[in-house]
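Working notes for the structure below.
The values are calculated or read from the model by the stated rules, or taken from the named source; none is laboratory data. Here the structure is a predicted model, which means the values were calculated and not measured. No Cβ is skipped: glycine too gets one built from the backbone with ideal geometry, and neighbour counts run over all protein chains shown.
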């Protein structure tokens, strides 16, 4: 799909926001039990910025649509998804085969031996990402059609690991570490919404919804926003494992984002 000049500008603006967020996050330090921190906005910049320009641009290009448009807001990168590809919920096979993105990825600083980054050569699947993009393909067939209605972004771009390799989510960080991290993430989320001007911001899970309401709630009327939540596709969720796609469709239908 050919992008308008306005859409190209939106993609360039998203890239500037991403680089600013990456620089801010790279300055932060985290104490044990966190021992390793990955910033895919840095080492997977090429693929991340292709995603921003192509699909952020597609979302911006669709402002003339009568149908509502929504940002789907995740929490932070998974070890076999965005931590490998730089793409939110970016399961390797779905990024290559459906999104058509397959860029070189560098190594993170202080790589965890149990969480190696091999980029688009990674043989592991990110279950959450597989579920998200398989659902998108079934509902919309092409990525261009999906991203005309939905854009995907994570609230926090960093992946945190303990010495054992266990994932540690941003909400579990101590308050003194969360404060500067969330300040940078809040700014990036606000700027993303200002650039893309969605009708809704839908939290993929309770944490993301709470972040959206906290960051954007006071400007909800000015931005013309509504908020919502959909079930997180994590395999750690028994409800998601009983049929996440059907639950996600029900959530999005209830928000007026999909037809019955």
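Quick notes on this one:
- Checked against (1) more than 23 Å from residue 123 (Cα to Cα); (2) in a loop (DSSP other than H, G, I, E, B), residue 59 passes all but condition (2).
- Matching option when the condition is touching a strand residue (DSSP E or B) at 6+ places or on another chain (Cβ under 8 Å) and closer than 23 Å to residue 150 by Cα, among 78, 57: 78
- Any hit, region 66-86, residues being in a helix (DSSP H, G or I) and farther than 26 Å from residue 127 by Cα: no
- Scan of region 100-117 for residues that are touching a helix residue (DSSP H, G or I) at 6+ places or on another chain (Cβ under 9 Å) and surrounded by 13 or more Cβ atoms within 10 Å (Cβ to Cβ), ordered by number: 101, 102, 103, 105, 106, 108, 115, 117
- Odd one out for residue 260, checked against (1) in a helix (DSSP H, G or I); (2) without any contact (Cβ under 8 Å) to a residue 60 or more places away in the chain: (1)
- Positions within region 243-260 being touching a helix residue (DSSP H, G or I) at 6+ places or on another chain (Cβ under 7 Å) and at pLDDT 95 or above, in sequence order: 244, 245, 247, 248, 258
- Picking from residues in region 19-28 that are touching a helix residue (DSSP H, G or I) at 6+ places or on another chain (Cβ under 8 Å) and either free of Cβ contacts under 8 Å to residues at least 24 places away in the same chain or more than 27 Å from residue 166 (Cβ to Cβ) (or both), the one that is surrounded by the fewest Cβ atoms within 10 Å (Cβ to Cβ) is 26.
- Count - residues of region 225-242 that are assigned to a helix (DSSP H, G or I) and either over 25 Å from residue 214 (Cβ atoms) or without any contact (Cβ under 8 Å) to a residue 24 or more places away in the chain (or both): 3
Rundown of residues vs (1) farther than 17 Å from residue 81 by Cβ; (2) touching a helix residue (DSSP H, G or I) at 6+ places or on another chain (Cβ under 9 Å); (3) surrounded by 16 or more Cβ atoms within 10 Å (Cβ to Cβ), yes/no style:
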| site | (1), (2), (3) |
| --- | --- |
| 120 | no, yes, yes |
| 140 | yes, yes, yes |
| 151 | no, yes, yes |
| 156 | no, yes, yes |
| 161 | no, no, yes |
| 167 | no, no, yes |
| 170 | no, yes, yes |
| 180 | yes, yes, no |
| 199 | yes, no, yes |
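- For the residues 145, 245, 208, the requirement of being farther than 29 Å from residue 37 by Cα, in contact (Cβ under 8 Å) with a residue 24 or more places away in the chain and assigned to a helix (DSSP H, G or I) singles out 245.
- Flag for residue 115 being closer than 22 Å to residue 34 by Cα and modelled with pLDDT of 95 or more: yes
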